[in-house]
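Okay, structure first, notes after.
The values are calculated or read from the model by the stated rules, or taken from the named source; none is laboratory data. Keep in mind that what you see is a predicted model, and the values were worked out from it rather than measured. In this analysis, Cβ positions are derived from the backbone assuming ideal geometry, glycine residues included, and neighbour counts consider all displayed protein chains.
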Amino acid sequence: MEAISDIGGGISARKIDDKTMILFFGPQHPSSGHMRIILKLDGDVIIESDPDIGYVHRTMEKLSETKEWIKNSVLFERLAILDAGNVTQAYIIALEKLLGIEPPERALYLRTILSEINRISSHLYGMGIFAIMLGSSTGYMWFFGDREIMVQLAERITGSRLTHTYHIPGGVRRDVSKSFFEELEKGLNYIEKRLRHYEIMFVNNPVVRSRIENVGILSRERAIDLGVTGPNARASGIDFDVRVEEPYGAYSFVDFEVPVYKEGDALARTFQRMDEIRQSISILRQLSKSIPEGPILNEKYLKLFTPAMKEVLEKDKRIKFPAIFTSLKPPSGKAYGRVEEGRGEIFFYLESNGEPKPYRVRVVTPSFRNSILLKYLPVGYRLADLPAIYGSIDYFPPEADR
Amino acid sequence: MSGDSQVKAEFFIENPAELPSVAQTLKEKGYDHVISLSAVDYPKSNEIHLVIHVSSYTKKDIEPKIFEIRVKLNRDNPRVPSLVKIWPSAEFQEREAYEMFGIVFENHPDLRNILLDPEEFSGVHPLRKDYIVQVEDIMLKLKEEVKNGGNK
């Protein structure tokens, strides 16, 4: 950085050469949340890009050390409320490893159903923001309007639209009724039909296409070096998906493909998300056909239920927490949990010293891992390409800042 | 459940200077990117452990899927060579460990705060155990309790 000189009256200025202009992109909500990029421009070509993130840092790793294990699941789902099911699942998987407990099969299926519903709604949200960044209001309205269906389906399972708090150690909090699967099928049919409309009206719209094709090209080698994750990595030819590499939930019971593109540009990243929605639809159909009957919480905890709690479970099909949940004390040790979120891999590392509160929780979110792209990807492109690049990597500041 | 394998999944380094050579060996084995780079503070033994989790995109059959490297650092002056040359994916996470724990990564190309305000948090490292979160809910707490620091 250049020297800052005081030019009197408390005003300071920074001397730059005549050719370079420094432009602040943000921090007042440039698109998907508060963050800024400090750009150095030569004419309108970006020659340096410095993402300045942290405007919505909520000290989650520190806060988690002051809360009981179970309360932290409520804290962490606020990392990315539009993908809350997947976030909580990663935390709960790690916690279950520490506790040495496994959920029954029906709970695994229900978790995976919520995961895939969340994935579709996260992709629709990402594409909606992307559309408005490119100035396509129709795309924005369509994606956000259609996302509502997925949000309502999630509400039917969990009882809340966004912050589900659905996963609990050893199972899930609520069961679903048979009629849910009919509604799910209706919703999926609708989204499937709409995917064709999106392609015609948004992706293959000549105006949109000319702005995203061959823009923000990320090569496979560079994506590996920068540790890029999720759909961004797969659109650059990296065939990697946590659902396949380390299957969790009910993914080992279903048959699905991992779409991969090799172009690595903003267009490939858009097609990538569309294809992933298609796969999610297929996964959801398979799961709703094969979901087994049975308990939704591990036997070990069900045994602790009082008659009143059993009655609620019978009548309303929901779990009232056994008292042990408020003072869970996992034995000393460490464990990790990883889950393929809509935006990529989320990673939790927990360390316990046998106390009711965690000793250390480390969480790495896909947006934080992808934020490095904002430094390296825009360089060499024009300023007008920045919204296309930023939008196509589906960067979500609250998730990155944690 | 995945993750618990019989293969040795971690490596403990006593001397921070050895980290680059260990990292280089792992990279040659196929661990091509960093998932997480952070630290855990142990004030009782005056240590900070740098904890790095690496994984592979290119080698499908690699075991374990996630390898953990732990480096013992002196809590009074935690210094360690930067890994950005070996794993460029560590760049932002090293900046985070620098601001949160005060770990200095030697030869990092751009070592400065990433999430926290550099003025307010100069010399203060919030993820260390001796940093106490100030409780602000004065409506529920007596002033004395707030003065005494609130929750740890």
* To do: Answer yes or no as to whether A:ARG222 is over 20 Å from A:GLU116 (Cα atoms) and either touching a helix residue (DSSP H, G or I) at 6+ places or on another chain (Cβ under 6 Å) or within 14 Å of chain B (Cβ to nearest Cβ) (or both).
  => yes
* May I ask you to list pairs of residues, at least six apart or on different chains, whose Cβ atoms are under 6 Å apart, with the first in the range B:53-73 being under 15 Å from B:VAL34 (Cβ atoms) and the second being at pLDDT below 90 and of a type in the set (Phe, Trp, Tyr)? => B:ILE69/B:PHE11; B:ARG70/B:PHE12
* To do: Name the one entry in A:ARG343, A:ARG338 that is within 9 Å of another protein chain (Cβ to nearest Cβ), surrounded by 24 or more Cβ atoms within 10 Å (Cβ to Cβ), of a type outside the set (Ser, Thr, Tyr) and touching a residue at least 60 places away in the same chain (Cβ under 8 Å).
  => A:ARG338
* Tally the residues that are crowded, with 17+ Cβ neighbours inside 10 Å and in a loop (DSSP other than H, G, I, E, B), restricting the search to the range A:174-191. => 2
* Asked: Which of the residues spanning the range A:82-111 are surrounded by fewer than 24 Cβ atoms within 10 Å (Cβ to Cβ) and of a type in the set (Val, Ile, Thr)?
  -> A:ILE101
* Structure fact -> The correct count of residues that are in contact (Cβ under 8 Å) with a residue 12 or more places away in the chain, polar (S, T, N, Q) and part of a helix (DSSP H, G or I) in the range A:194-248 is 1
* To do: Only residues that are facing chain B (nearest Cβ under 10 Å) and either small (Gly, Ala, Ser) or closer than 23 Å to A:GLY227 by Cβ (or both): list them for the range A:347-360, please.
  => A:PHE347, A:PHE348, A:TYR349, A:GLU351, A:ARG360
* Top-ranked residue of the range B:122-152 - restricted to ones that are over 22 Å from B:SER82 (Cα atoms) and at pLDDT 85 or above, ranked as farthest from the other protein chains (Cβ to nearest Cβ) -> B:ASP130
* Failed item, numbered, when A:LYS262 is tested on (1) touching an Asp or Glu at 6+ places or on another chain (Cβ under 9 Å); (2) assigned to a loop (DSSP other than H, G, I, E, B) -> (1)
* Return yes when A:ILE129 is of a type in the set (A, V, I, L, M, F, W, C), surrounded by 24 or more Cβ atoms within 10 Å (Cβ to Cβ) and in a helix (DSSP H, G or I) and no when it is not. => no
* To do: Take the residues in the range A:132-172 that are of a type in the set (Gly, Ala, Ser) and assigned to a helix (DSSP H, G or I), then tell me which one is surrounded by the fewest Cβ atoms within 10 Å (Cβ to Cβ).
  => A:SER137
